[in-house]
Amino acid sequence: NAEDAPAYKINYTRWLVFCHVPAFCDSLPHYHTTLVFGKTMLQAVFKSVCRQLMDKCHSERDRMSPDKRVLVLTHFPKFLSMLEVEIYTDSSPIWDPEFKRVLPSHLHVGDAKHAAARRTGEFEKVTVPPNDKDNYTTINISPGMKRLAEKRPHPESRGESKRRRVEEAFEDLPEETVAEIIATINDPNYMCGPDAVFPPNVPRDETAKLEESRKIIEFHVIGNSLTQPVSKQTMLWLIGLHNVFSHQLPRMPKEYISQLVFDPKHKTLALIKDGRPIGGICFRMFPTQGFTEIVFCAVTSQEQ
């Protein structure tokens, strides 16, 4: 209507700015939609969104299961109507960020009883009624829960057990046992544990060198060519390297990776394992200037 038109135009303009300005001005901080648009935006679009939502539900009613049809076409409209009343009521608690639901009376009573529950070993209640007749004060203390009596240890037995524990802690090992332990430590044939299975100073590339010696891992310098035919194997490896670079370098545009990997002037030192590329170094040589430019270097995550 005419009253809501100005607010709708303002919200629509803000929405266009919110959607399109970050596309060419990425230095602005980004905020969530719920923080930028509030009450007026929701009131402006709620009715149209509800209407479109219900139209979609009615158009797809034949494809719904019976239970879902009852839920969507019977209960969901009631929920939307109740929500609409709250949205267009300025005094609704949904607009109060500090709103906290008040507990029912029976829950308050239960909570109070729980807070006033007696703790073990304490008196429950102290009352001081006035006594005007005799001019003195009477204090009534109702007993609390009785604490279970603990059995006190006999002082002599406690001292003996403590002395026994001290003697056991500082008991010396026989010299034969100490000599046997030292001999076992110094003899590498009897060593076991993590140092025997995983030596501390093993190079990190020892496994890769072993796989290379067994021809499991191979290195090939490959590249595309416009002057001579390229084998099918080389082209498959280039495609695999393109996939590796694209996956391991997610911020690099795929078009840029394709342009350099398949460029005839660029070569790739491909790392091939079991016939498939697992990594490589894409480079271009400049012989006249005496240097080589490396453009990509990546290895699949499970092989690093």
- Query: Tell me, in nm to one decimal, what length is gained between Val36 and Leu53 on full extension, where the rule is 0.36 nm per residue of separation less the Cα-Cα distance?
  - Reply: 3.8 nm
- Query: By the gyration tensor of its Cα atoms, with a ≥ b ≥ c the square roots of the eigenvalues, what is the shape of the stretch 5-95: rounded for a/c under 1.5, prolate for a/b over b/c, or oblate?
  - Reply: prolate
- Note on the structure: Residues Met54, Met41 in order from fewest to most other beta-carbon atoms within 10 Å are Met54, Met41
- Taking Ser27, Ser258 and counting other beta carbon atoms within 10 angstrom, the fewest-first order is Ser27, Ser258
- Here the FRET efficiency for Ile239 versus Phe24, based on Cβ atoms and R0 = 35 Å and rounded to 0.05, is 0.50
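No lab work stands behind these numbers, since they all come straight from the coordinates. Just so you know, these numbers come straight off a predicted model, no measurement behind them. Using ideal geometry, Cβ is built from the backbone for each residue, glycine included, and neighbour counts are taken over all protein chains shown.
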